[in-house]
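Computed from the coordinates by the stated procedures, all read-outs in this text should not be read as laboratory data. Only a predicted model underlies this, so the values are computations on that prediction, with no experimental measurement involved. Because the Cβ atoms are built from the backbone with ideal geometry, glycine has one as well, and the counts that use them run over all protein chains shown.
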Amino acid sequence: MVISKSFLILLVLVLLVSGCTSNDGPPGPQSPIPIQEMSIEEVFQQMDQSNSKINKYDMDMSLTYDMARFFPDENVTSKTQISSTGYYDRVKKESYTKGTIIDGDDGTEVITEIEINGDYRTEKRNGEIVKTTKLEEGAWEEEIQFPVGSLDPYYIPMGEDFERSNDETVDGIDCYVMIMRQDVQKSIESALAPEDQNANQNLEIPEGTGEVYVKIWLDKTDFHIVKSKSFLNITTEMFSWLIDGEVLISHVS
């Protein structure tokens, strides 16, 4: 049983789409946008419009990833801690992210760096360049606008459970709070889906229990993302899986 790498990437990228922001926009009070009479689609549209206007921000991320596989004779566990910092500048077409991945079993650390400068993307591992690629036309806009401009990477379809929680204040910003839940069984099926469409389609999908959700805090005045939490906790007879992370986005302009 192999968990799809693309699914893991989507779940990690969910942490890059949102965070805690400090509003560097024009001073002065602004009136809240009334959310009570808005549909889900209208809320998402307003959020996309607001976050797509952000040109520059700093990012700090933390992530816990625990995985256990259950075999007749033994259980195999893996624990990983990931932290990263970086910045994005759409105007200058620059971005830089530096992260530390710590293996919870032996304490091994790997330093990863991803830098985008103009049309080129460079990846480093422990200071050594492992890959340099030229971006395709339009890739920069997708790369940079994606972290704050779209809900697609949340991997939680709009048709799934969506609820509004109690309003909260984050760093002095009044926020609407939204929770989007994904069906646990659908998450398991997505995780175990073969990357190769020609692979064995008769893979047995175990039933599981747990919880999968994304919680976001939206600034009441313009719906830009102020904070987010991504959470996945699943247990089946074959494996258990935990992903728990948050992102802090600051110096927004």
Could you please report the charge total around THR236, scoring K, R as +1 and D, E as -1 over all other residues with beta-carbon less than 11 angstrom from its beta-carbon?
-2
Simple spin-label estimate for ASN126 and GLU94 in nanometres, 7 Å along Cα-Cβ:
2.9
Gyration tensor on Cα atoms of segment 33-109, a ≥ b ≥ c root eigenvalues, a/c under 1.5 rounded, else prolate if a/b beats b/c, else oblate, says oblate
So which of LYS56/LYS220; LYS93/LYS227; LYS131/LYS186 end up more than 28 Å apart by C-alpha?
LYS131/LYS186
Inter-part gap, Cα centre of segment 121-137 to Cα centre of segment 46-90, in whole angstrom, is 20
Rounded to the nearest 0.05, what FRET efficiency is calculated for ILE205 and GLU163 with R0 set to 22 Å and r the Cβ-Cβ distance?
0.25
Pull out a ≥ b ≥ c, the square roots of the eigenvalues of the alpha-carbon gyration tensor of segment 66-136, then state rounded if a/c is under 1.5, prolate if not and a/b is larger than b/c, and oblate in the remaining case.
prolate
